[in-house]
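The next block holds one structure in the form of C-alpha cells; read it before the comments.
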Amino acid sequence: MEEANQSVVSEFIFRGLCDSRELQKFFLLPFSALYLMTVLGNLFIAFLIITDSHLHSPMYFLLANLSFVDFCFSSVTTPKLTTDFLKDNKTISFGGCMSQILCVHFFGGGEMVLLVTMAYDRYVAICKPLHYSSIMNRQKCIWLVLTSWIIGFVHAASQLAMILDLPFCGPRIVDSFFCDIPEVIKLACTDTHTQRILINADSVFLATTCFILLLISYTNILVTVRLSSKDGASKALSTCTSHITVVVLFFGPCIFTYLWPPRITWVDKFLAVFYTVITPLLNPAIYTLRNKEIKNAIKRLIS
C-alpha cells in the first residue's frame, strides 16, 4: 500500500463540464460548431489582412496577430474538450497536461500584451496623428509583436517551472475540462502554499500591469476625442469601442478566475468556457461588425 501511494502519476483524469452523459452528447455539436467558427473566423481575418493591400497598416497588422493568437489559444483546449464529450474516461498524460498549462499561459499572456500594444497604436493614431507614421513604423510594429510573444513565453515558463517539479503521487482527478494551475496544483502531494503565492503574484503582476497601461491609453484617447471634431471623434470612438469590448471580454473572466476567492466550481467552469471558447470566437465578430475597412475588404474579396 505504501509503495502504491508513492507511485508517480503518469496521467490525469478530467471531470469535464458535467457528469451527465446526455448533456455531454448534447454539447458535442454546439462546441464543435463554435470551434469551427473560431478557426474559420480568425484565420479568415488574418488571411484578409495579409492579402488586401488596403489593410497593410499597423492597426490591421496587430489585428491579424490577435486573430492568430486567438486561433492558437482556442486550439489548446477546445478540440480536447470536444472529443472528450464522446469519452467516459477523459484522460490526459502528465506531459500533455504540462503542455496545456504552458500553452494556455503562453497565448493568454501574449494576448494581454498584444491588447496593450493595440491600445498604444490607437493612442498614437488619435493623440499624435502627425507623428503616427514615424512612431508606428514597420520595424516598431514587428518588435512590439515579438515583445508580446516573448513576455507571454517568459510568463508561461515561469508558471510551469513552479509546478513542474511538484510531486504528484496521489489524487489525479482534475475538476475541469483542461489543465490549469489552480486545479492541478491541488493534486500535488506536498504543501503548495509558497508556490500558490508566487504563481498568483506572477499572474497578478502581468494582468495588473497590462490593465493599468490599457486604462492609461484609453483615458488619454477619450480625453483627446472629447476635444476633437465631431466626425473624428465618432470614428475614433467606433474603433476604440471594439478594442475596449475585446479587452473587457478577455480580462473580465481571467481576473475573476484567478483573483476572486472563494472558488465556486460551476462558476469557474463557465468562465473557463467563456475565455477559452467564446472570447476567441467573439473577437473576429466584433472587429468585423464594427469595422468599415474590414467590411469593404470583404466586399472587394467577394466581388
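Key figures for this structure:
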| read-out | value |
| --- | --- |
| Dimensionless Rg ratio for the range 79-120, taking C-alpha atoms and the 2.2 N^0.38 Å reference | 1.63 |
| Mean projected area (nm²) of the alpha-carbon convex hull when the range 11-297 is viewed from all directions | 15.7 nm² |
| Estimated inter-spin distance, Ile298 and His54, nm [label 7 Å along Cα→Cβ] | 1.4 nm |
| Structure-based [θ]222 nm, the chain - -39500 (n - 2.57) summed over DSSP H runs of at least 4, per residue, nearest 500 | -25500 deg cm²/dmol |
| Helix 230-259 vs. the chain, principal-axis angle (Cα, 0 to 90°, nearest 10) | 10 degrees |
| Selected from Leu198, Gly110, Tyr287, residue furthest toward positive end of dipole (the chain; charges at beta carbon) | Tyr287 |
| In degrees, nearest ten, helix 138-164 long axis to first principal axis of the chain (Cα) | 10 degrees |
| Sequence ranges 14-27, 209-222, ranked by mean other-Cβ count within 10 angstrom, highest first | 209-222, 14-27 |
| Carbon + sulfur, % of accessible area of the range 100-181 - ligands and nucleic acids excluded, 1.4 Å | 70 percent |
| Label-to-label distance, nm, for residues given as Tyr132 and Ile173 (7 Å Cα→Cβ offset) | 5.6 nm |
| Debye, to nearest 20: dipole size of the chain, +1 on Lys, Arg Cβ, -1 on Asp, Glu Cβ | 1380 debye |
| For q = 0.14 Å⁻¹, Debye-computed log10 I/I(0) when each Cα of the range 85-222 counts as one equal scatterer | -0.74 |
| Those residues of the range 121-137 whose amide nitrogen sits under 19 Å from the label point placed on Arg226, 7 Å along Cα→Cβ | 123-124, 126-128 |
| Helix 279-290 vs. the chain, principal-axis angle (Cα, 0 to 90°, nearest 10) | 10 degrees |
| Separation of the Phe205 and Met98 label points, Cα + 7 Å toward Cβ, nm | 2.3 nm |
| Kirkwood Rh in Å, taken over the range 10-104 so that all alpha-carbon pairs contribute | 15.2 Å |
| The chain: relative contact order in percent, alpha carbon pairs under 8 Å with at least 6 residues between | 27 percent |
| Nearest-0.05 FRET efficiency for Cys72 and Leu166, computed from C-beta distance (R0 22 Å) | 0.25 |
| Equivalent ellipsoid dimensions for the range 54-140 as semi-axes, Å, which come from the Cα gyration tensor, largest first | 38, 12, 9 |
| The range 7-55: Rg to Rh, with Rh as the Kirkwood radius over Cα pairs | 1.30 |
| Unit charges at the beta carbon, dipole of the range 11-297: most positive-side option, Ser53, Pro171, Gly41 | Ser53 |
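The values are calculated or read from the model by the stated rules, or taken from the named source; none is laboratory data. Only a predicted model underlies this, so the values are computations on that prediction, with no experimental measurement involved. As a convention, Cβ positions derive from the backbone with ideal geometry for all residues, glycine included, and neighbour counts pool all protein chains shown. In case anyone asks, the SASA skips ligands and DNA or RNA and just uses the protein heavy atoms, side chains included. Shrake-Rupley method; radii C 1.70, N 1.55, O 1.52, S 1.80 Å.
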